[in-house]
Structure formats: structure tokens, C-alpha cells
1. Regarding the stretch 130-138, can at least one residue be identified that is buried (at least 18 other Cβ atoms within 10 Å of the Cβ), at pLDDT 95 or above and within 18 Å of the chain's Cα centre (by Cα)?
2. Conditions: (1) farther than 26 Å from residue 44 by Cβ; (2) β-branched (Val, Ile, Thr); (3) open to solvent by 40 Å² or more (accessible area, probe 1.4 Å). Residue 149 meets all but one. Number of the miss?
3. Are there any pairs with C-beta distances below 7 angstrom linking a residue in the stretch 140-151 that is modelled with pLDDT of 80 or more to a residue that is among the charged types (D, E, K, R) and assigned to a loop (DSSP other than H, G, I, E, B), with the two at least 6 apart or on different chains, and if so which?
4. Residues that are open to solvent by 70 Å² or more (accessible area, probe 1.4 Å): which strands (runs of 3 or more DSSP E) entirely in the stretch 1-115 hold 1 or more of them?
5. Determine the pairs where a residue that is over 23 Å from residue 125 (Cβ atoms), located within the stretch 52-79, has a partner that is open to solvent by 30 Å² or more (accessible area, probe 1.4 Å) and of a type in the set (S, T, N, Q) with Cβ atoms under 7 Å apart, the partner being 6 or more residues away or on another chain.
6. Could you please find all residues in the stretch 25-81 being acidic (Asp, Glu) and modelled with pLDDT under 90?
Amino acid sequence: MNIKFITSNSSKVNLANERLAKYGVTTEQVILPLREIQSLDVVEVAVDKAKQVREKIKEPFIVEDSSLEIHEANNFPGALSKPIIDSLGEDWLLKIVANSKDRGTTIVGQLIFVNNGTHHVFRGTYEGSLADRPKGENIRGFKFSRIFIPHNQSKTLAEMDEEEWNDFLDDFRKNDHYDKFGRWIQDSRIAS
């Protein structure tokens, strides 16, 4: 099954294809000009994007958004992670928890699949903490990879070598939105 992936980020498409291959799903990147509402809620942002795309594309498609939710800051910056890091920088974001004992944060991935006008929502979460400063150079498509330390780890995502990265992905996939979507597709095929 080939599904349109509405995104300007080719790293997301590569990651989706890697994660969905075992379910017989491939994605094809489609770049569309979409407005992105300004909301901390990643679900609200993703649903709004899906509604915009549904007006333009009739074939099955997915949209995906992710957020970085800092516990101490009432889940800020949420879905605004990318524009905040782009405009203010990682160091500014880390100032929020500079004097805090709670550096806990959650990565939230939200995937919406639309087919025949109906949308299905798949959510993945991963817990970790914020580093004391940006570290590492291997971004791998995650805007916050230089400041996010996965739970039970001591390195940021950007500091990890390939083996550590693959171990992280194995753990991440246990509650990953792509994996939930792939299992749902597989089960839907069996049921149909």
C-alpha cells in the first residue's frame, strides 16, 4: 500500500518508510502549502492540517506532527517546538528549566491517516529529560535532538552513535505512532 505523506520534511518520509516497511506500507512525499495554526496542542495542529489537505487530495494520506512537552512549563512549547527553536534557539528553551529539579519532558508524535473522508488518529509518546546545554551534531530530523535525553540514557539524541540510536529507536517504537498505524493497517486488511 502506498500512501501520500504530506510534509516538506524528507527526513520524516524516510523515517516513516523505515518504520512502516514491515507492514507493507510505503509513503510518497507530497509538499503542499499549508498554514499551521499556532497551538501548543499537537493534536489540534495535526487535525487542522488534515482538514486542509482533505480539500485538495482525495487519495489516502497521512500528516504527522510532533511536539516537545516540558513538564515544568505546563507542556510548553508543545507543537510550537520547531518555530520556537528556529527563532529563539535551544539555549533559550533550556532557560525554562535552568533552575528546576524537574527537567522531565515528553516527545509526542501525532499521525493522522485520512481515507474516504474519515480520519484516524495515532499517538506515540516517549519520556525523557532536557540536557543542561545543547550537545551533539547528528540531528536526524528531530529539531530537539541536541537537547532531549531519552529516559535511562545519559546522552542527547544528537550525541548517539548509530548503535545507540538504533537501541533508542527500538525502545521508542514500543509506543510509536508509526507502529500503531502500521498495526492498525495490518489488522484492517485482515478484517476487510
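1. So far as the stretch 130-138 goes, yes, one or more of its residues are buried (at least 18 other Cβ atoms within 10 Å of the Cβ), at pLDDT 95 or above and within 18 Å of the chain's Cα centre (by Cα).
2. (3)
3. If the second residue must be among the charged types (D, E, K, R) and assigned to a loop (DSSP other than H, G, I, E, B), the pairs left are 146/135; 149/155.
4. On the way: elements: 2-6, 26-30, 61-70, 76-78, 104-115.
So the answer is 2-6, 26-30.
5. 60/115
6. Within the stretch 25-81, the subset acidic (Asp, Glu) is 28, 36, 41, 44, 48, 55, 59, 64-65, 69, 72.
Selection gives 36, 41, 44, 55, 65.
The values are calculated or read from the model by the stated rules, or taken from the named source; none is laboratory data. It should be emphasised that the depicted structure is a prediction, and the values quoted were computed from it without experimental measurement. Here Cβ is always computed from backbone atoms with ideal geometry, including for glycine, and neighbour counts include all displayed protein chains. Note: accessible area is taken over every heavy atom of the protein model, side chains too, but ligands, DNA and RNA are not part of it. Shrake-Rupley method; radii C 1.70, N 1.55, O 1.52, S 1.80 Å.
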